[in-house]
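One structure is given below, encoded as C-alpha cells.
The values are calculated or read from the model by the stated rules, or taken from the named source; none is laboratory data. This is a predicted model, so every value here is computed, not measured. Glycine gets a Cβ as well: all are built from the backbone with ideal geometry, and neighbour counts include every protein chain shown. Each accessible area value is taken on the protein alone, full model and side chains, heavy atoms only, with ligands, DNA and RNA left out. Shrake-Rupley method; radii C 1.70, N 1.55, O 1.52, S 1.80 Å.
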4 protein chains.
Amino acid sequence: MHLTEPPELRGYSLPLSPSGRAAMVSPPPWYFSGDVIMVEYRADPEAAAAFFPPGVDPGPDPGAAAAVFAHWHWRSETEKEADDPARNQFNEFLILLGCSAEGRPMARCPYAWVDEAIPMARGWIQGMPKQFGAVHLTHPKPIGRTGPHLAEGGVFRGVASQYGARIAKASVTLTVRGGDPPLLHTVPLVHTRHFPAWAPADEPVSQLVASEVKDVEFGEIWEGEASLHFADDLPDDLATLAPLQVGSGFVFSYAETLCHGRMLFAGEAVQG
Amino acid sequence: MHLTEPPELRGYSLPLSPSGRAAMVSPPPWYFSGDVIMVEYRADPEAAAAFFPPGVDPGPDPGAAAAVFAHWHWRSETEKEADDPARNQFNEFLILLGCSAEGRPMARCPYAWVDEAIPMARGWIQGMPKQFGAVHLTHPKPIGRTGPHLAEGGVFRGVASQYGARIAKASVTLTVRGGDPPLLHTVPLVHTRHFPAWAPADEPVSQLVASEVKDVEFGEIWEGEASLHFADDLPDDLATLAPLQVGSGFVFSYAETLCHGRMLFAGEAVQG
Amino acid sequence: MHLTEPPELRGYSLPLSPSGRAAMVSPPPWYFSGDVIMVEYRADPEAAAAFFPPGVDPGPDPGAAAAVFAHWHWRSETEKEADDPARNQFNEFLILLGCSAEGRPMARCPYAWVDEAIPMARGWIQGMPKQFGAVHLTHPKPIGRTGPHLAEGGVFRGVASQYGARIAKASVTLTVRGGDPPLLHTVPLVHTRHFPAWAPADEPVSQLVASEVKDVEFGEIWEGEASLHFADDLPDDLATLAPLQVGSGFVFSYAETLCHGRMLFAGEAVQG
Amino acid sequence: MHLTEPPELRGYSLPLSPSGRAAMVSPPPWYFSGDVIMVEYRADPEAAAAFFPPGVDPGPDPGAAAAVFAHWHWRSETEKEADDPARNQFNEFLILLGCSAEGRPMARCPYAWVDEAIPMARGWIQGMPKQFGAVHLTHPKPIGRTGPHLAEGGVFRGVASQYGARIAKASVTLTVRGGDPPLLHTVPLVHTRHFPAWAPADEPVSQLVASEVKDVEFGEIWEGEASLHFADDLPDDLATLAPLQVGSGFVFSYAETLCHGRMLFAGEAVQG
C-alpha cells in the first residue's frame, strides 16, 4: 500500500518541508522568455523512429529534425526566482524529431542538456529528458565589432559538451529577416514522463504526455545558412541521430507559459 | 489510462533510447566509497518533528541531529562510470534527524546538496531531497605541512553554498581514534519518494520508503572537537534546524552498496 | 643578468610555444561588446582615496563611485576566439571610483571579478585587478512574461559571489530612456600594472598606466531607480567602499576596442 | 619612467589595497600536500627541444616526458586559506619534459592546467604556464567496492579538458609498491617567467628561473601499468608532444614548500 503525501509536509517537489517553501521546483505555470538558435536537419528516418514510443509515429515528414540552442529567463508563478539572476536563467541544447500523435504533428525530444539543476529537475517532471551539460551560445549585441548583431551577416553559434567531451556545435549566418518560425518549434512536444522504480516490486511511472502551453510569442525570425556537427565519439544512441543533411538555420526570440501536462489516451495498438 | 513503458524504448531513467544506454542513471545496485566529516548536534525537537511524515516519529532522542560532509566515489553494476573520474565522484552535504519508524531507530534527511547532477537525480529516485550546490571538504593527506593528516590535531572542514550564498560550514579537530561510528550514520534512512504531478488530475507519487543497503564498511573512526554554523540568512525552513548545541565531530571512511528501496507499510495512524 | 625571450619560443603570454599559438592570451587590440547594468553611488571619500596610488587624486567629486555588472562578448585581432561561444564571453562585476590623474577626470577600479580565466589574465596584463568569481546578471528579452524588457518598469539585476559567499547585488528599475551615459563609464581607467617579484632580490613590476581605447560606442541609455547592497561579512578592505548613498541606475550597451596601455609620467610628488 | 609601487597601496599581488589583505595571491612560501598520478612517456625529442629556451638543452635523455595529474591542498604562510576548503584545494594536469640547465638535470613544464584561479595566477608568478581547465582524478579510498584502493590492482585515472573539449586522459593500474620516485618529479623545474608588454614601447618581462623548494616529502611509491592518450584534435603545439611510447605509471603522495625563484645566469651560448 502506497502512502499518500501527509498533510504536515508540503511542497510541489522535494525537499518537502513544513511550509512547502523548501521545494526545489515551484509549481507551474512556468514563464519562459528565450533567445533561440535553431538548425533544421535530416536525421535517418529509421533511427528517429526508434526513439518513438507507442502512440507516436513518424508522421508526414520522416527524418525531419532540429538542433536547438537557447538561453532562457524563467520564473514560476510564485516569483521566487524573479529576484535572483543566478537562479532564473539557463542555457539549453536539445534535439527535436518531427512526429505525429493523436493524428496531428508534434515533436519528440530524445535528448536535452541544460546547465542548471532546477531546469533539469523540472524537465524530468514534464518528461523532457534533460541531462546536465555545458551549453554556450552567442548573445546578440546591438553595437560593437564583436558579439553578433541581429543583422545580415551576423554569425550565431552554439556548443554543448558533457563531462568535458564535446557533444555538438552549430552556427547560423543570418541572411533574411521576417519569415515564418521553423515548423518543429511550433508544434506540441510529446514526452514520456518516466520515474524509475525503486522497490523491487514497483513499476516505473511511465506516461505519454503533451505539454500544454499558452501566451506563445515569437520575436522577429531571422533565417540563414547553417552548420551542424555532432562529435565523432558520442557514447550512446545519440550518434544514430547525427545529421545526414543540414538545412536552414534560424535565430529568434520565443516566449511561452508552460501550464501543465495532458495525458495522451492510447489506442489498442499502443498497449499491445 | 496511463501507458506502460513501451518495449521499444529502454532505460532505467530518462533519456529512454533504443538500447537503453542513454539513461542518465544506471539501475541499482550502486556502490559507494566515501570519506566523511560528520558533526553531531542538537536541533529544536519541535522543529525536527515538523519534518517527519506520518509513520515517522521522533523516537527515543528527540532533537538528535547531524551535519554530514562527504566525498564519494560511486559506480553502478554496469561499471559505465568506472572509467571516468569526471563522472564517478561527488561531494555531498546533508542534515540527518534522529527518528523512529516501524518501531526502530532510523534517520530522516530533510535537506541534502550535491555538486553533480547524476547523484542529484539518483537522490530523487530514492526519495533523498538532493539539491544542487557547491560543497567542499578537506581531504586527508598523509604527508606535508598542509592538508590535514589523519592524526591528533588534524583539522577537517566542510563548507556548502547554493547560488553563491553560504548554507553551512563545519570543522572537526581530531582528538581520539578508534571509537564507535556516530549513531545516525548506522541506522536506516527513511525517505519520502515524491514525484510531482503534471497533468491537472494527477496525484504526485508519494511513498514512504527505507533504503536497503549491504556491504556496509566503516574505516577507522576518528573523533574530535567540532564546530558547526548555519548561515544567518537561510531562505526557508532550513533555518529552523540550526544547531542549538554542537556535539562531537567524526572523520571516517564509509562504504556501502545501495540495493533498492523497501516500501514501509503504514498503520492506521499513518493514514488518518 | 636577465634573459630576454629567446626567438625560438613565441607567444604574447604563457604558455610560450614554437608557433606562439599556445598563448593563453592573444595580443591586443581586443574588441568588446557588452550589456551593462550600472549603479552610481557615494563611497566614503577617505576610504576611496586610500585606494589611489601616487599620481592619482580624488579630483573634483570625492566619493563618486559606481558598481558595474556586465556581460561581454570579446575577441582579439586573431579571431581565435570568434568561433567558440564557450570562450568569447564573460560576466564581470567591478567597482569604479572617480579620481583625477594628469589633471583630468579618470576612474580607478579597486576591485573586479570575472567568471572566465582568460579575461582574468588579460586584466592583470592591463593592471585591472580581476579576481575569479561567480557573476550573474539579467539579460534583456524582447518578448514574454519574464526576462526584463528594455522598457519602462523593466527590472535588471546583478549578483556577484566568490568562494560561495555573496559579495554584492544590485538592481535597476527602468524609468526613462535617452539620457547621457553615466560619467564614470566615459572617462579613462587608470590602473597599476603589478607583477609580483619572485626571486628574493627582485622588485615587482609596478607601473601606473591608462588604458587606450577607440571605437567607443554607447547604445541607448536607460536610467532608473537603483538598489545596491554589499554583503555584511566582506573579508577585507572592500567593506570600506560600501555605499553610503545609492544614486541612479543605468542599463545600456557599450562597445570599445582596447588598444594598449599608456605609461603615465609622474611628477616629483609621485616619486617622493 | 616607471613608477615604483607607492607605499600607500599594499599587496603581494593585485588587487592592491590599503591593508594589503585584498591581494588575490598571498606571498610565498607556499605549502603543498598532494596526491599524484604520473605516467612516464617518450615524446618526440625534436618536438620537446622546440619548447626549450636558450639556456636549456635536452640533456642526457632527449624525449623523456611525463603526464602528471594531482590533487593539491595548499596554503600560504599567512594561513589565509587554511580555513576554507573551497579555496585551499585544486586539481592540476601538467606535462613535464626532461632537460638540462646549468649542467644538471631539470624538468620543463610546457603546459599545465588547473581548476582554480589563484593557483593559475600563482603559476604565472613563478613562470609555470598554467591555464584554466577541468581536471578530475580518482582519489584513493581505503574501503569499499569502488574508489581505487592503494593496493595491487587499484586503477587510478585522470582526465583533463578545456572549454568542453578533452585534452588528455591517463590510467595507472597498481602492481608493485616501494620503488623510487619517478625521475622527473625529483628534479628542479626551470620556468620562463613572462609578463606581457602593455604600453607599445615596453618589452615583456622574461626571465629564466628555477623554483626553490624545501621540505620535500614523498609518500609510499606505487608503480604500475599505464595508459596515456592525448585528444585527436588538440588545437595548437601541444599535439607535437603526444606520447610515442607509454612507460610506467606511478601513484604517490608528495609535499613541498615552494620558497621563491632563483634567476638562472646565462652563458654566452644562451645570448647568442
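Pairs spanning more than 23 Å between alpha-carbon atoms, out of C:Lys130/C:Lys169; A:Lys130/B:Lys169; D:Lys80/D:Lys214; B:Lys130/C:Lys169: A:Lys130/B:Lys169; B:Lys130/C:Lys169. Binning the C-alpha pair distances of segment C:1-149 at 10 Å intervals from 0 yields a P(r) profile of 10, 30, 30, 21, 8, 1, 0 %, listed from the shortest bin outward. Short-range pairs are left out: with C-alpha atoms under 8 Å and at least six residues apart, the relative contact order of chain A is 21 percent. Put a plus charge on the Cβ of each Lys and Arg, a minus charge on the Cβ of each Asp and Glu, and nothing anywhere else: the dipole of the protein assembly as shown about its Cα centre is then about 0 debye.
Converting phi to 3J(HN,Hα) with the Karplus coefficients 6.51, -1.76 and 1.60 and the offset θ = phi - 60°, segment A:146-158 yields 8, x, x, 8, 6, 7, 3, x, x, 10, 10, 10, x Hz in sequence order, with x at every glycine or proline.
Here the Karplus relation 6.51 cos²θ - 1.76 cosθ + 1.60, evaluated at θ = phi - 60°, turns the backbone of segment C:130-135 into coupling constants of 6, 9, 9, x, 9, 10 Hz, with x for every Gly and Pro. Taking the Cα-to-Cβ direction at C:Glu102 and at B:Asp215 and moving 7 Å from each Cα, how far apart do the two end points lie in nm? Between C:Glu102 and B:Asp215, the simple spin-label model gives 6.9 nm.
GNM remark for chain C: springs join alpha carbons under 10 Å apart, and the peak mean-square fluctuation among C:Glu223, C:Glu116, C:Glu81 falls on C:Glu81. Between helix B:117-126 and chain B there is an angle of about 70 degrees, using the helix long axis and the longest principal axis of the Cα atoms. Where chain B is carried onto chain A by rotation, the Cβ closest to that axis, with its residue and distance in Å, is B:Phe195, 2.
Show me the three semi-axes of the equivalent ellipsoid for segment C:80-205, from the C-alpha gyration tensor (sqrt of 5 times each eigenvalue), largest first, rounded to whole Å.
31, 21, 14
Heavy atoms of chains B and C lose about 300 Å² of accessible surface on contact, summed over both sides with a 1.4 Å probe. Amide hydrogen proximity for A:Ile167: with H placed 1.01 Å from N in the peptide plane, the residues at 5 or more positions away or on another chain lying under 5 Å are A:Ala160, A:Ser161, A:Gln162. Restricting to Cα atoms and excluding each atom paired with itself, what does the Kirkwood estimate give for chain B in Å? Taking the inverse mean of 1/r over all distinct Cα pairs, chain B comes out at 19.8 Å. How big is segment A:32-98 by the Kirkwood estimate over distinct Cα pairs, in Å? For segment A:32-98, inverting the mean 1/r across all distinct Cα pairs yields 14.1 Å.
For segment D:148-272, the gyration tensor built on C-alpha atoms gives an oblate shape. Its axis ratio a/c (a ≥ b ≥ c) is at least 1.5, and a/b is not larger than b/c. Each copy carries a label point for B:Ala201 at 7 Å from Cα along the beta-carbon vector; from one copy to the others these points are 2.7, 8.4, 8.8 nm apart, nearest first. For D:Lys214, the distances from its label point to the matching points in the remaining copies are 5.3, 5.6, 7.5 nm, ordered from shortest, with each point set 7 Å beyond Cα toward Cβ. Structural descriptor for segment B:166-271: relative contact order 36 percent, calculated from alpha carbon pairs under 8 angstrom and at least 6 residues apart. Amide H contacts under 5 Å for B:Gly247: B:Glu40, B:Tyr41, B:Arg42, restricted to partners 5 or more places along the chain or on a different chain, H placed in the peptide plane at 1.01 Å from N.
Converting phi to 3J(HN,Hα) with the Karplus coefficients 6.51, -1.76 and 1.60 and the offset θ = phi - 60°, segment D:198-204 yields 10, 6, x, 7, 6, 9, x Hz in sequence order, with x at every glycine or proline.
Distances from A:Arg21 to itself in the other copies, using label points 7 Å out along the Cα-Cβ axis, amount to 3.3, 4.8, 5.6 nm in increasing order.
Give the relative contact order (percent, whole number) for segment C:184-224; include only Cα pairs under 8 Å separated by 6+ residues. Could you put the intermediate results ahead of the total?
Values: 35 pairs, mean separation 14.8, N = 41.
Relative contact order here is 36 percent.
With N the number of residues in the protein assembly as shown, Rg(Cα) / (2.2 N^0.38 Å) evaluates to 0.93.
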